[in-house]
Every structure is written in C-alpha cells, then in structure tokens.
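A.B. asks: My questions all concern the structure below.
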C-alpha cells in the first residue's frame, strides 16, 4: 500500500475529510466492469451472465467475491474456486481493459483540485482491487489528489464493515473524529458504511445504486453532480 502524504493530515473546517466510493461515484466504470466480467466468463469457457444480471449486481455495491457468486452460483461454498475467478478477473482488469473502459464523471478533476486547495484529504474506499483503483486514478492524472485508497487488499476488511475505517483510516488522522468525515457514494452500501462509522453521508444520485435503498438511510446530502458536493466543505 502507498504511504500517506503528510499534507493529507492537516486540520480543516466543516467536514474535514472526504471518504469517497469509486465505481459509480468518481468513475463511470459500469461498462468496464461488465466488459471484464464477460471476458472472464469467456476465458473460463463458461456461459456468460446477462447484462441485466451484471448491472443488478453492480447496483448493490457488493464485493467482487459476492458479485461472482451471484453471477455464478456454483462458486458458493467453494472459496478456492471463487478466489481463482477473482484473480482471473483482476488480471484482465489490470491488463488495461478495466482502465480504458472507465471514465471519470464530469467535474472530477476540478472537484479534487478544489478539495486539495482547501487541504481536505480525500480517501477512496472501494471494494474493488487496490491496484485497479490506483492505476485508474493514475491513468487519468488525478492520483496525486487522493491521499489514501482503502480497497480489497489481502484479508483486510472493506466497507461496509466499520473496521475498515477504524483500523485503516482513522489512525492516520488522529486529530479528526468520525463525524468530521463525509462518506460519498452511490449505493446503500456506502450509506450503511457512513452510518456504521458515525460519519456524514452524501448520496451520489447519478450513480448506479437503487435510490430507494440509499435514501432509506436518510443521507445528509443528495449530490446530483460533482460541484454540489463542494458545498459540504465551504
């Protein structure tokens, strides 16, 4: 994992740090995920799932392991086989298909630049592989504006488990309290994560999640585009 930039740990006003989801929040990656899943099934000589089934799994904000089990139920109860699929998927994704088929949502770079100017640390929390997140950020030249990526890495917990926050994020920001963080995401998983850790919740309504599920957590802010999020840090 990358070391933290010392400039990412300064005190701020209002919300003092942003925890952002990746897929469906910062990047439009639905096409990338679908393409890589279909290629994974093809290379493993297994009948592919429908696009509708893939999009339904993406809308839930679940882990790759859970996605593969949903799309190929035969993997349930067979963690070694499932993990082999995970490795295969990530190999295809990181070889380039996942990155080139993704694109930042409009206004991403400007939003990150504004937050950096305000010295607001940005932490990306995602259930995809850590390498995939960093490689995509780097490809689109915004990696230097992200302080930390908390993603699938070894056996470490990811969202919505609160341990991913209390063990992997909060210790790096000792001057902050949980309610100083704003969690920004497009699925109920993100909203559940925000409530579990005691942070603010901003729902990205333009993403892939089901609105009724996310809104049931009563987010503090509904974000229809990137510039609107900046109001939480003014």
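No value in this document is a laboratory result; all are computed from the given coordinates. From a predicted model like this one, the values you see are computed outputs, not experimental measurements.
A.B. asks: Mean 1/r over all different Cα pairs, inverted: what Kirkwood radius does the stretch 30-100 give, in Å?
C.D. replies: Result for the stretch 30-100 stands at 12.1 Å.
A.B. asks: Comparing 49, 73, 157, which has the greatest mean-square fluctuation in the GNM of the chain with Cα pairs linked when under 10 Å apart?
C.D. replies: Fluctuation is largest for 73.
A.B. asks: Compute the distance from the alpha-carbon center of the stretch 122-169 to that of the stretch 174-234, in whole Å.
C.D. replies: Centre-to-centre (Cα) distance: 16 Å.
A.B. asks: Right, another one. Just want to confirm a number: the relative contact order over the stretch 40-110, from Cα pairs under 8 angstrom separated by 6+ residues, in percent.
C.D. replies: 24
A.B. asks: Which value in deg cm²/dmol, rounded to the nearest 500, describes the helix-derived mean residue ellipticity at 222 nm for the chain, given -39,500 (n - 2.57) per DSSP H run of n ≥ 4 and division by the residue count?
C.D. replies: The helix contribution divided over the chain gives -10500 deg cm²/dmol.
A.B. asks: What does the C-alpha gyration tensor say about the overall shape of the stretch 77-150? Classify as rounded when a/c is under 1.5, otherwise prolate if a/b is larger than b/c, or oblate.
C.D. replies: Prolate, since a/c reaches 1.5 and a/b exceeds b/c.
A.B. asks: Give me the Debye-computed log₁₀ of I(q)/I(0) at q = 0.11, 0.17, 0.20 Å⁻¹ for the stretch 67-201, equal point scatterers on Cα only, no solvent, two decimals.
C.D. replies: -0.47, -1.08, -1.36
A.B. asks: Scale the Cα Rg of the stretch 114-183 by the rule-of-thumb value 2.2 N^0.38 Å and send over the ratio, two decimals.
C.D. replies: 1.13
A.B. asks: Identify which of 60, 14, 145 has the largest mean-square fluctuation in a Gaussian network model of the chain, with springs joining Cα atoms closer than 10 Å.
C.D. replies: 14
A.B. asks: Just 93, 140, 208 to compare: in a GNM of the chain, with alpha carbon springs under 10 Å, which one fluctuates most?
C.D. replies: 140
A.B. asks: Next question. Using alpha carbons only, how many degrees (0 to 90, rounded to 10) separate the axis of helix 130-139 from the longest principal axis of the chain?
C.D. replies: Orientation of helix 130-139: about 70 degrees from the principal axis.
A.B. asks: Restricting to Cα atoms and excluding each atom paired with itself, what does the Kirkwood estimate give for the chain in Å?
C.D. replies: Averaging 1/r across every pair of different Cα atoms and inverting gives 17.9 Å.
A.B. asks: Let me ask something else. Need the full-extension length gain, residue 131 to residue 51, defined as separation in residues times 0.36 nm minus the C-alpha distance. One decimal, nm.
C.D. replies: Roughly 26.3 nm would be gained on extension.
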